[in-house]
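S.K.: Following this message is one structure expressed as C-alpha cells.
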Ligand SMILES: Cc1cc2nc3c(=O)[nH]c(=O)nc-3n(C[C@H](O)[C@H](O)[C@H](O)COP(=O)(O)OP(=O)(O)OC[C@H]3O[C@@H](n4cnc5c(N)ncnc54)[C@H](O)[C@@H]3O)c2cc1C
Ligand code: SF4
C-alpha cells in the first residue's frame, strides 16, 4: 500500500501515454499510442480512491472489477491484476486499445467529476501487454466435456467471446467464419496503427487452447444454411455475423471508378495489406486527392489510413457540424494532427466522372443545422444554391453499415426488425427460432467491441441454460 491519503491521490495529475509524433506516424502504419511504462501505470493507478461503491464498474459492459485490478497495479502486482481483468474480459489488450472508455468506465469515474478520470483504459492495456510480454500468460482450459456441441457463425468480438465462454463450460465449439482470418472488424475494420496484428493474434490464441475448431472461408447462408448446421447435429447455434453491409449515399455517380465503401477500403488495407502491394496480392487504386464522407469511427479510420498512403490531400466531408460527429473526439483530433482536412456542414450531391468513368470531382452543397432529429442531433438542412465542387480522384463512403442479409434471409422463421436486425430475448439472447441465439452488431445494428462481448456473454449463458434444460445436464453456469 502506498500510504497516500485520498487528498494526496486526487492531487496526482492524470498521466498521458506517449505517442508517435504526428509528422512521423502519418507516414507509417506502426502503432500510434506507445502505452504506459511500469512507473506511469503504477502512479496512474494511485489516482484511484478505491470507492466502496465503484461507479466505474457499472459503466463497463462486462463488469470488470476495476478498483481491484487498478489497486493491484498500484501495488506493482501486475500479473495478479491481469488475472482479475481476465475474470471478466478475455480480450484486455484489445479493449485497452479500442474501447471508448471516455463514454464508459471513465465517464462514470468519480475522480472525473472534479478533474480528469483515472486512465482506466491505458492501465488495462499496460497490464495486458505486461502479461503477454512476460511469457507468463495464464492459459485457459476447456471445461469437462458436456457432450453438447455449439456452432458459432462469425468470429468477431461476439463470436470469439461466445466461443470462449462455451468452451470453458465444456461444450464442443465450432466457429464458421466467412473471411480467411478470424477477428471480424478487429482485423478488417480497425487499422493496424490502432490495433496491431500481434495483439489480436495473441489474444485469439486462447481459442486454440480451448480446442475451438475454426472453419475459415465458410460463408453461411450460401453453401450451408442455419438449418443445415442444425441437421449436422449441433445442439445450438450462436449468430455473431455483425453489421457488415455498407450504407451508400444513393446519389448519381456512386459506381464510378475511384468510389469505395469504407468497408472495402479498410478490408483491402487492413486484412489484405494492399498498402504492401505487390508484396501482398491485393492492389488498391487511389489518386492524389482523397475525400472521405462521414464522421464516425470508420470515417476516421478511412481518413487516417488514406493519409498514410501519402497522397497530396485527404479531406473529410460531413453534413453536420464538428459537435455532431459520432466518432471518438480523440480520433478526430488524431486525424487532424496527422494532416486530414475537414469540411463540416457539407453534403455530397453527385460524383462526377471523366470520359473513362473515373472519378474527377464531387459536387457538394453547404448545409445549415435545424432542430434535433430522432437521433437527438441537429438535423442538417441544405442551403439552396450553395453547390460547389471538390476536385478528387478517390472517394471513401463511410456512413455506417446495415446487417448483411445473407444469413437472415436464408433462415425462415427468424424474426427481424424493420431494418433487418435480429430480434432476441434480451435476457437469454435467444432468437425466434429455438436453439438459435444471436449477439453483437447483428442484434444492435452497430455498437462497440465491448458491448458485443457483453451480449455474447448473455447469449452464452442462454445457450448453456437451454442445453441444460434440453439435455437434462446437471451443470451450473459459472461466468468467466
Ligand atoms: C471501421 C470500424 C472501426 C471501429 N472502431 C471501433 C473502436 O475503435 N472501438 C469499438 O469499441 N468499436 C469499434 N467499431 C465497432 C466494433 O468493431 C463492432 O461493434 C464489433 O466488431 C461488433 O462485433 P461483432 O462480433 O458483432 O461483429 P463483427 O466484428 O462485424 O464480426 C462479424 C464476423 O462475422 C463474419 N460473418 C459475417 N457474415 C457471415 C456469414 N454469412 N458466414 C460466416 N461468417 C460471417 C464476418 O466476416 C466477421 O468476421 C468499429 C467498427 C468499424 C466498422
Ligand atoms: S470510480 Fe474511479 S476512483 Fe472510484 S473505484 Fe472506479 S476508477 Fe477508482
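S.K.: Take the alpha carbon atoms of the stretch 320-363, find their radius of gyration, then divide it by 2.2 N^0.38 Å using N residues; give the quotient.
M.R.: 1.54
S.K.: If you average over every viewing direction, what projected area does the convex hull of the Cα atoms of the stretch 137-185 give, in nm²?
M.R.: Averaged projected hull area, Cα only: 3.8 nm².
S.K.: For the stretch 373-435, what's the radius of gyration and Dmax over Cα atoms, in angstrom?
M.R.: Calculated on Cα positions, Rg and Dmax stand at 19.5, 56 Å.
S.K.: A follow-up question, please. Report, in deg cm²/dmol and to the nearest 500, the calculated mean residue ellipticity at 222 nm for the chain, where each DSSP H run with n ≥ 4 adds -39500 (n - 2.57) and the sum is divided by the residue count.
M.R.: Using -39500 (n - 2.57) per qualifying helix, the result is -9500 deg cm²/dmol.
S.K.: Further question on the same structure: Any idea what the relative contact order of the chain is, in percent, if you count C-alpha pairs under 8 Å spaced at least 6 apart?
M.R.: Relative contact order comes out at 15 percent.
S.K.: Sort 443, 237, 421, 66 so the one with the fewest other Cβ atoms within 10 Å of its own Cβ comes first.
M.R.: Lowest to highest Cβ neighbour count: 421, 237, 443, 66.
S.K.: Report, largest value first, the span of the C-alpha coordinates of the chain along each principal axis, in whole Å.
M.R.: Taking max minus min along each principal axis of the Cα atoms, the chain gives 69, 63, 50 Å.
S.K.: Report the far tail of the P(r) of the stretch 352-480, meaning the percent of Cα-Cα pairs longer than 20 Å.
M.R.: That tail contains 65 percent of the Cα-Cα pairs.
S.K.: Let me ask you something else. Have a look at the stretch 6-134 and give its Rg and Dmax from the Cα atoms, expressed in angstrom.
M.R.: 14.2, 46
S.K.: Report for the chain the percent antiparallel among DSSP-assigned beta bridges with both residues inside it, nearest 5.
M.R.: Roughly 40 percent of the DSSP beta bridges within the chain come out antiparallel.
S.K.: Which translational diffusion coefficient, to the nearest whole µm²/s, is obtained for the stretch 286-337 from the Stokes-Einstein equation, given a Kirkwood hydrodynamic radius over C-alpha pairs, 10 °C and 1.306 mPa s?
M.R.: Calculated translational D: 144 µm²/s.
S.K.: Would you please report the Å³ per residue occupied by the convex hull of the alpha carbon atoms in the stretch 246-401?
M.R.: With only Cα atoms used, the stretch 246-401 gives 113 Å³ per residue.
S.K.: Tell me, what is the percent relative contact order of the stretch 246-401, built from C-alpha pairs under 8 Å that lie six or more residues apart?
M.R.: 31 percent.
S.K.: Another question, if that's okay. Rounded to whole Å and sorted largest first, list the principal axis extents of the Cα atoms in the stretch 112-248.
M.R.: Computed over the Cα atoms, the extents are 56, 47, 30 Å.
S.K.: Related question: Rank these for me by crowding, 418, 222, going from fewest to most other beta carbons within 10 Å.
M.R.: Ascending number of Cβ neighbours within 10 Å: 418, 222.
S.K.: Arranged by the count of other C-beta atoms within 10 angstrom, fewest first, what order do 286, 188, 209 take?
M.R.: 209, 286, 188
Rule-based calculations on the coordinates, nothing more; no lab input. Predicted, not measured: the structure shown is a model, and the values here were computed from it. So basically every Cβ, Gly included, is an ideal-geometry build from the backbone, and we count neighbours across all protein chains shown.
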